[in-house]
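Report on one structure; see the data block that follows.
Readers should treat all values here as calculations from the given coordinates under stated rules, not as data from a laboratory. Nothing here was measured: the structure is a model prediction, and the numbers come from that model. Positions of Cβ are backbone-derived with ideal geometry, glycine not excepted, and every protein chain shown enters the neighbour counts.
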Amino acid sequence: MSTPIASLLSPEEIEFQRTVRRFMETEVAPLTPEMETKGVFPRSLFRSMGELGLLSSFFPEAYGGAGAPLTTRAIVSEEMARINAGLDISVFADIVLFARALNAHGTEEQKQKYLVPVLRGEKIGSMAITEPKGGSDALSARTSARKDGDHYIINGSKTFITNAPIADFILVIARTSGEPRRIDGGTWFIVERGTPGLETGQPLQKMGMKSSPTGEVFLTDVRVSAAQVLGEAERGFHYLMESLDTERVLEGASTIGIAQGCLDAAAAYAQERQVFGRKIAEYQLIQEKIAAMAVGIEMSRTMLYRLLHAVGRGEKVTREAAILKLYSSQMAVQASNDAVQIFGGYGYMEEYPVARLYRDAKHHEIGAGTSEIMKIIIARETLKARNAH
Ligand SMILES: Cc1cc2nc3c(=O)[nH]c(=O)nc-3n(C[C@H](O)[C@H](O)[C@H](O)COP(=O)(O)OP(=O)(O)OC[C@H]3O[C@@H](n4cnc5c(N)ncnc54)[C@H](O)[C@@H]3O)c2cc1C
């Protein structure tokens, strides 16, 4: 198992990484088979992570955080995805999507009511953008809300929403004015479970990420007060676009964690398994796969930390975030494929973690913007930068 190159992490971050790794190996790994079967994680895990400060590390101290750099979030994500990539996407939705939006745009009252309990791991958040008619074209959301005095009435539906079946709070984007595809006219609403007209479906049966419950959200004449609007009304799609780069950078940590989990398992197995009288690690065709995994992980990790520092300095990283997301998700899919291959028949069995990692890796080529959308962004931003010269 490797550690990010020391020069990329401060001594405090290396210490934090050790704590996180210990937690994942002792508290999360033993529960993983049960989480995968049940399709959900125990809520007590969130409370334990809250108590240890693993959820709140980079949030302000005023809300229970440690005010640490964003690198701490990447450390948690990488270590968690290495052990359980499904749990990682549930925490991602809870913290990177829900809590970060609350912190950026919430009023003091909203932060106390929604952000603080989420960072403590007592409540769980979720963010609902994708709709049955399409996720890539987020600005065409059909869910709408109309003003009614000092309330709004929301109607529509969302799908593929991480944590929806169990979330206490769901951040929903709805169009409050304007035509589809217009960036103005979107509004975020904080909707609490139990609000009349809000329903969530049964957990969807997925190919992977089984520890993470995913589901639909149905909104039928859901009446919320103007105090449930997050940030400025009509600015919702702007907030969404502004937050995507950081989300994609942080998703790089999840993909690296998956690939690291594959490399750890495959390297150990290759040094044990004997075929034709020799350890398979001695065969160059196996070494080629190990080398490809190591290269992909190191290249992605170096870029991840470079981008985290750039984001911390407030730099715009749209093109680079898309490059990291595209490259590292494809790299994780390839690493999981190679890991299964190294394990041979055992790779196809549930007894070892690589079959699960193989299924889980694929998610990251789709969620938070597909590979095709990443390529479109990379080309657009590259051409824009060239034309600006
Ligand atoms: C496990 C899981 C968890 C998720 N969690 C959440 C969540 O918490 N919240 C949330 O809001 N969403 C969530 N999503 C949804 C996810 O963000 C969407 O699935 C994703 O954005 C793609 O949208 P779509 O599935 O509607 O595909 P579509 O947009 O219908 O795309 C279908 C295909 O067409 C391609 N395509 C689309 N446009 C173009 C184009 N212009 N050029 C070329 N190809 C194109 C796509 O790349 C894709 O291959 C989750 C998805 C999964 C699988």
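Within the chain, what's the longest run with no trypsin sites (Lys or Arg not before Pro) in a DSSP loop and at most 15 other beta-carbon atoms within 10 Å? Give the range, please.
1-132
Taking the Cβ of P117 as the center, what net charge do the other residues with Cβ under 9 Å away carry, scoring Lys and Arg +1 and Asp and Glu -1?
On the way: positive: K113, R120, K123; negative: E122, D168.
Here the charged neighbours net out to +1.
Given 37 °C and 0.692 mPa s, compute D for segment 237-387 with the Stokes-Einstein relation, Rh being the Kirkwood radius over Cα pairs; round to the nearest whole µm²/s.
Using the Kirkwood radius from Cα pairs, D works out to 201 µm²/s.
To make sure I understand, if each residue's beta carbon is the centre and we count other beta carbons within 10 Å, what order do H309, H389 fall in, fewest to most?
Exposure proxy ranking, most exposed first: H389, H309.
What is the sum of charges, Lys and Arg at +1 and Asp and Glu at -1, for the other residues whose Cβ falls under 13 Å from the Cβ of A294?
Taking every Cβ under 13 Å from that of A294, the sum is -2.
Net charge near E51: determine it from the other residues with C-beta under 14 Å of the C-beta of E51, scoring Lys and Arg +1 and Asp and Glu -1.
Cβ neighbours under 14 Å give a net charge of +1.
Among the GluC sites (Glu not before Pro) in segment 254-338, which ones are in a DSSP loop with at most 14 other Cβ atoms within 10 Å of the Cβ? Mind listing them?
Loop-located and lightly packed - E272, E315.
Work out the FRET efficiency for H389 and M241 from their Cβ-Cβ distance, taking R0 = 25 Å, and round it to the nearest 0.05.
With R0 = 25 Å, the Cβ-Cβ based efficiency is 0.50.
Simple spin-label model, 7 Å along Cα-to-Cβ: M207 to H309 in nm?
3.7 nm
Let me check against my output: what whole-number percent is the relative contact order of the chain, with C-alpha pairs under 8 Å and at least 6 apart? Spell out each step's value before the answer.
Working: 702 pairs, mean separation 60.5, N = 389.
Reported relative contact order: 16 percent.
Within segment 138-171, name every residue whose backbone N is under 18 Å away from a label modeled 7 Å from Cα of R181 along the Cβ vector.
Answer for this model: 138-143.
Too long at a 22 Å Cα-Cα cut-off: which of K210/K316; K325/K384; K362/K384; K316/K384; K210/K362?
Over 22 Å Cα-Cα: K210/K316; K362/K384.
In deg cm²/dmol, rounded to 500, what helix-only [θ] at 222 nm does the chain give when every DSSP H run of at least 4 residues adds -39500 (n - 2.57) and the total is split over its residues? All intermediate terms of the calculation are to be shown ahead of the outcome.
Numbers: 12 runs with 177 residues, N = 389.
Taken over the chain, the calculation gives -15000 deg cm²/dmol.
Hey, what does the equivalent ellipsoid look like for segment 6-123, semi-axes from the Cα gyration tensor as sqrt of 5 times each eigenvalue, largest first, whole Å?
Taking √(5λ) for each Cα gyration eigenvalue gives 22, 19, 11 Å.
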